[in-house]
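Below: one structure, written as structure tokens.
The values are calculated or read from the model by the stated rules, or taken from the named source; none is laboratory data. Predicted model, so just to flag it, every value in this text is computed and none were measured. Here the Cβ is made from the backbone with ideal geometry for all residues, glycine too, and neighbour counts use every protein chain on show.
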Amino acid sequence: MSQGKTKKSISDDEMTGTTGPEKIGPRRSVDEYSEVMRNETPSDKCLTAFVPKPKKLSLDVLAKDEHIILLLRQHPVTQFRVLFIVIFMIFLPLLFSGAGIFDFLPGMYRFASVIGWYMLTTGLVIESFLKWFYRVYIITDERIIDVDFLSMIYKDVSTTKIDKIEDVTSKSTGFLASMIDYGTIIIQTAATKQELQFESVPHPSKVTALLNDLILEEELEKYEGRVS
Amino acid sequence: MSLFTLISGSGLLNAPLPSADTAILFGVKTMFIVGGFLYLLFAILVTRQISLMSKTIATTASANIKIIGLLHLIISIVVLMYFIIVL
């Protein structure tokens, strides 16, 4: 694209009163500048913790020309604690019936208590699944989006622009984390803002490399004048 | 005719007092109904959150998760009805 055409585009944007950094030149595909993403194939799986270039995913906070590069969730191994609790809860009524603790109640009431117990177990499974499924970290070619779904009554969506990132650190502590390759990524943004954390996500080294590639690309875009 | 004559004539005073077992079972049934009602509120909350989150993040699994949420809500209604009617 010629320099003159670029300048014309800037003036067009100014005429329309658009605010913020607007892309005015050709935006490169992530495969062009990120080796990590070049090796990843687009995925349409939505029940995994590492979804590169997701095919069928949309976000309400996504801008018009913004593309999702990577979707992350906590590694499934972090849900093992809940899994053990659920297995324990499934077998607990059998222990109680064997011990005869509720024998003083009529049969109908004992049946009702078993139903109630398994409803509680179902509730725990559903709540844990939703907390895992909807707590996502999304990396687009413009921003990082952190959707926190900590409980049934708490939801928080926070975003940070790639060019506001100052430092990216990844931590992988413990035997299991090293073996299975998951860890926490801490993203330090401008001093006045809080840091973002991608907790227990798979392949932290890949994610860190991708973020570094994105930061470099943003700087390159500014340098080459592909952003106003 | 005095009030006492009226009441004693109606047989109210001859009605048997509830036994301790009946009182305990009534307490247990009340607990079941209150628990079932609270669980129903939780199920409604889950359905609502699924609906909201599906708008925030739309995936291929969104429809299935909505169905699971609705089934969960229906089952919790059925269980509450069971606690109220059968117990």
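Does any residue of the stretch A:78-90 turn out to be in contact (Cβ under 8 Å) with a residue 12 or more places away in the chain and touching a strand residue (DSSP E or B) at 6+ places or on another chain (Cβ under 7 Å)? Checked the stretch A:78-90: at least one residue is in contact (Cβ under 8 Å) with a residue 12 or more places away in the chain and touching a strand residue (DSSP E or B) at 6+ places or on another chain (Cβ under 7 Å). Taken over the stretch A:57-92, the residue count meeting the criterion of being touching a helix residue (DSSP H, G or I) at 6+ places or on another chain (Cβ under 9 Å), within 14 Å of another protein chain (Cβ to nearest Cβ) and surrounded by fewer than 16 Cβ atoms within 10 Å (Cβ to Cβ) is 2.
Here the strands (runs of 3 or more DSSP E) wholly within the stretch A:7-90 that include at least 2 residues being modelled with pLDDT of 90 or more and not hydroxyl-bearing (Ser, Thr, Tyr) are A:50-52, A:68-72. It is to be established whether one or more residues within the stretch A:176-187 are within 12 Å of another protein chain (Cβ to nearest Cβ), in contact (Cβ under 8 Å) with a residue 24 or more places away in the chain and touching a helix residue (DSSP H, G or I) at 6+ places or on another chain (Cβ under 8 Å). Within the stretch A:176-187 (the criterion being within 12 Å of another protein chain (Cβ to nearest Cβ), in contact (Cβ under 8 Å) with a residue 24 or more places away in the chain and touching a helix residue (DSSP H, G or I) at 6+ places or on another chain (Cβ under 8 Å)), the answer is no, since none of the residues qualifies. For the stretch A:141-158, enumerate the residues that are within 14 Å of chain B (Cβ to nearest Cβ) and within 14 Å of residue A:69 (Cβ to Cβ). Within the stretch A:141-158, just A:145 meets the criteria. Is it fair to say residue A:125 is in a helix (DSSP H, G or I) and away from chain B (no Cβ under 14 Å)? Answer is no for this residue. If the condition is being loosely packed, with under 15 Cβ neighbours inside 10 Å, in a helix (DSSP H, G or I), at the interface with another protein chain (Cβ under 10 Å from one of its Cβ atoms) and in contact with a Lys or Arg (Cβ under 9 Å, 6 or more places away or on another chain), then the stretch B:48-87 contributes only B:52.
Being within 14 Å of chain B (Cβ to nearest Cβ), of a type outside the set (Val, Ile, Thr) and farther than 24 Å from residue B:42 by Cβ narrows it down to one of A:120, A:105, A:130, A:95, so name that one. On inspection, the qualifying residue turns out to be A:105.
Go through the residues of the stretch B:66-78 one by one and say whether even a single one is modelled with pLDDT of 95 or more, among the hydroxyl-bearing types (Ser, Thr, Tyr) and over 30 Å from residue A:59 (Cβ atoms). The answer is yes, given that some residue of the stretch B:66-78 is modelled with pLDDT of 95 or more, among the hydroxyl-bearing types (Ser, Thr, Tyr) and over 30 Å from residue A:59 (Cβ atoms).
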